Amino acid sequence: MSDLTRPQGSRFRDALVIVNAGACNPSGIAHSIVDACREIREHEPAACTAQDPAVRMMVYQLASVCAVADYALERYMADEGACKERLTELGLKPFGSR
């Protein structure tokens, strides 16, 4: 959960709990990733969030829950097409379109 008073290093505990317990709530995992990135920005501004082991573990769990840990190109292309189709149905333009 988001909490601005979390102690530095909380992301490492969170990552282990998420992965070892087999967390399956994408929203909860995503919130923990955001909290971890905030912690890094606040306490280790020179660090790269994408290279942080806690962030990487949480992202891996999220990818596993969403069944994209081994995202095949065919599946990616089908999902991309589905997103574009839904945008069209909703009358919205893709990012970067005019």
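So, Ala82, is that one without any contact (Cβ under 8 Å) to a residue 60 or more places away in the chain and in the same structural domain as Phe95 (by TED's automatic domain parsing) or not?
Against the criterion (without any contact (Cβ under 8 Å) to a residue 60 or more places away in the chain and in the same structural domain as Phe95 (by TED's automatic domain parsing)), Ala82 qualifies.
Restricting to the stretch 66-98, what's the tally of residues that are modelled with pLDDT under 85, of a type in the set (Gly, Ala, Ser) and surrounded by 10 or more Cβ atoms within 10 Å (Cβ to Cβ)?
1
Quick check on this structure: which one of Pro45, Pro94 is farther than 25 Å from Val17 by Cβ and assigned by TED's automatic domain parsing to the domain that holds Ala15? Steps first, answer last, please.
On the way: Pro94 fails: assigned by TED's automatic domain parsing to the domain that holds Ala15.
It is Pro45.
Just to check your reading of the model, which residue among Val68, Val17 is in a loop (DSSP other than H, G, I, E, B) and without any contact (Cβ under 8 Å) to a residue 12 or more places away in the chain?
Going through Val68, Val17 in turn, the sole match is Val68.
May I ask you to say which residue of Ala54, Ala67 is touching a Lys or Arg at 6+ places or on another chain (Cβ under 7 Å) and closer than 30 Å to Asp79 by Cα?
Within the list Ala54, Ala67, the selection yields Ala54.
Please specify each residue of the stretch 39-62 satisfying the condition of being without any contact (Cβ under 8 Å) to a residue 24 or more places away in the chain and of a type outside the set (Asp, Glu).
Within the stretch 39-62, Arg41, Pro45, Ala46, Ala47, Cys48, Thr49, Ala50, Gln51, Arg56 meet the criteria.
Looking only at the stretch 20-37, filter to residues that are without any contact (Cβ under 8 Å) to a residue 12 or more places away in the chain and assigned to a helix (DSSP H, G or I); which one of those is surrounded by the most Cβ atoms within 10 Å (Cβ to Cβ)?
This residue is Gly28.
Within the stretch 4-16, is there a residue that is crowded, with 16+ Cβ neighbours inside 10 Å and at pLDDT below 90?
yes
Can you tell me which residues in the stretch 39-65 are assigned to a loop (DSSP other than H, G, I, E, B), of a type outside the set (D, E, K, R) and surrounded by 10 or more Cβ atoms within 10 Å (Cβ to Cβ)?
Selection gives Ala47 alone.
The values are calculated or read from the model by the stated rules, or taken from the named source; none is laboratory data. Every value quoted in this text rests on a predicted model; they were computed, and no experiment measured them. No Cβ is skipped: glycine too gets one built from the backbone with ideal geometry, and neighbour counts run over all protein chains shown.
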